[in-house]
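Please treat every number below as a calculation from the coordinates, not as lab data. Predicted model only: the values in this text are computed from it and were never measured. Quick reminder, even Gly has a Cβ in these numbers, built from the backbone with ideal geometry, and neighbours come from all protein chains shown.
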Amino acid sequence: MAQEKQPIIVGNWKMYKTIEEALAFFDELIPQVEQVTCAVKIAVPFTAIHPSKNKVCNTHIQIGAQNINEAQEGAFTGEVAAIMVKNAGADFALVGHSERRRYFGETNIQINKKIQRAVEIDLPIILCIGETFEDRQAGNTEAILQDQITECLHGIAQQKVHLLTIAYEPIWAIGSGTAATPEVAEGAHLDCRRVMEALFGADGAHVPILYGGSVTPDNGATFLHMPDIDGLLVGNASLKSNAFAKICTSCTIEGI
Ligand code: PGA
């Protein structure tokens, strides 16, 4: 299985980079990832979606949003709808990142509505889930992941499953400099895989599951040797084109 998969490497810039900085990044990145065999995607700030999409239009790089609102449209000052990010050029959207949950109070119910809005316009999403350190210490990881997946994907139709990707991001590993070991991540991915299979059958079992949390050019490829780790979600190391390109090329050089 590990030989057959095409890894998916996704950057998440968070609230970094102006349009000029984004375009300069792609000027540097594009020549470095021309030959890679992995899928390359970056979730950029809303303001950089359209110019970034124009910049990468002749490449295989995909551009995504980091969030969408759960309403189709309406009087929600400062919010951005799924249709708007798609119209601006987004190929996908992140949903339910732990920073959204923590700093903006997003709940599984709200995240479920966001996913409904995305899939009804066929916008692919990456659903971020993960346990806290306390959850893990208490032995609750599997139950937490199961609840997050089940609640966030409640009511999603079988024919929309191809639009879904899961990102397993243990909260204790995000931005901490301490990644999960590939074995610990693999265990959680297997839990997620089983939940997806229980919900959606064989289609669910094939939904890609990415690992995120302190991924670096040095450790990135080590995760992809695991049978249930299909790609990576990269925060800090996606801000520098050389570091991000190195993660993409390391997956190619190692023939994963
Ligand atoms: P990190 O962030 O790679 O900086 O740990 C990952 C994320 O938040 O998606």
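How much length is gained on full extension from GLU197 to THR178, taking 0.36 nm per residue of separation minus their Cα-Cα distance?
3.9 nm
In percent, what relative contact order does the range 178-228 have, based on Cα pairs under 8 Å that are 6 or more apart in sequence?
51
With the radius of gyration and the Kirkwood radius both derived from the Cα set of the range 160-256, what is their ratio Rg to Rh?
Here the Rg-to-Rh quotient is 0.98.
Going by how many other beta carbons lie within 10 Å of each one, how would you line up THR222, THR165, THR47, fewest first?
Neighbour counts put them in this order, fewest first: THR47, THR222, THR165.
Among VAL207, VAL36, rank each residue by its count of other Cβ atoms within 10 Å, from fewest to most, as a rough exposure measure.
Neighbour counts put them in this order, fewest first: VAL36, VAL207.
What does the charge dipole of the chain about its Cα centre add up to, to the nearest 20 debye, if the Cβ of each Lys and Arg holds +1 and the Cβ of each Asp and Glu holds -1?
Charge dipole of the chain: 520 debye, to the nearest 20.
Over the range 21-80, what is the mean sequence separation of C-alpha contacts under 8 Å (at least six apart), divided by residue count, expressed as relative contact order in percent?
34
Relative contact order for the range 114-210 using alpha-carbon pairs under 8 Å, separation at least 6, rounded to a whole percent?
Reported as a whole number, the value is 33 percent.
Using the count of nearby Cβ atoms within 10 Å as a rough guide to exposure, how do LEU199, LEU164 rank from fewest to most?
Exposure proxy ranking, most exposed first: LEU199, LEU164.
Considering the options LEU29, PHE133, HIS50, tell which one lies farthest towards the positive end of the dipole of the range 17-167, charges being +1 on Lys and Arg and -1 on Asp and Glu at the Cβ, about the Cα centre.
HIS50
Over all alpha-carbon pairs in the chain, figure out the percentage whose distance exceeds 22 Å.
51
Using a 10 angstrom cutoff on alpha carbons, build the Gaussian network for the chain and name the most mobile of CYS57, CYS38, CYS128.
Highest fluctuation of the listed residues: CYS57.
So between THR222 and HIS162, what do we pick up on full extension, going 0.36 nm a residue minus the alpha carbon distance?
19.0 nm
Taking amide H positions as placed in the peptide plane 1.01 Å from N, state which residues far from GLY175 in sequence (5 or more) or on other chains have amide H under 5 Å from it.
Amide H neighbours of GLY175: SER214.
What percentages make up the Cα-Cα pair-distance distribution of the range 142-196 when the bins are 10 Å wide from 0?
Reading the bins upward from 0: 20, 49, 25, 5.
What would the Debye equation give as log₁₀ I(q)/I(0) for the range 27-132 at q = 0.15, 0.16 Å⁻¹, counting only Cα atoms as equal point scatterers?
At q = 0.15, 0.16 Å⁻¹ the computed log10 ratios are -0.65, -0.72.
Cut-off 10 angstrom, C-alpha nodes, Gaussian network model of the chain. Which of PHE92, PHE244, PHE26 fluctuates the most?
Result: PHE26 has the largest fluctuation of those listed.
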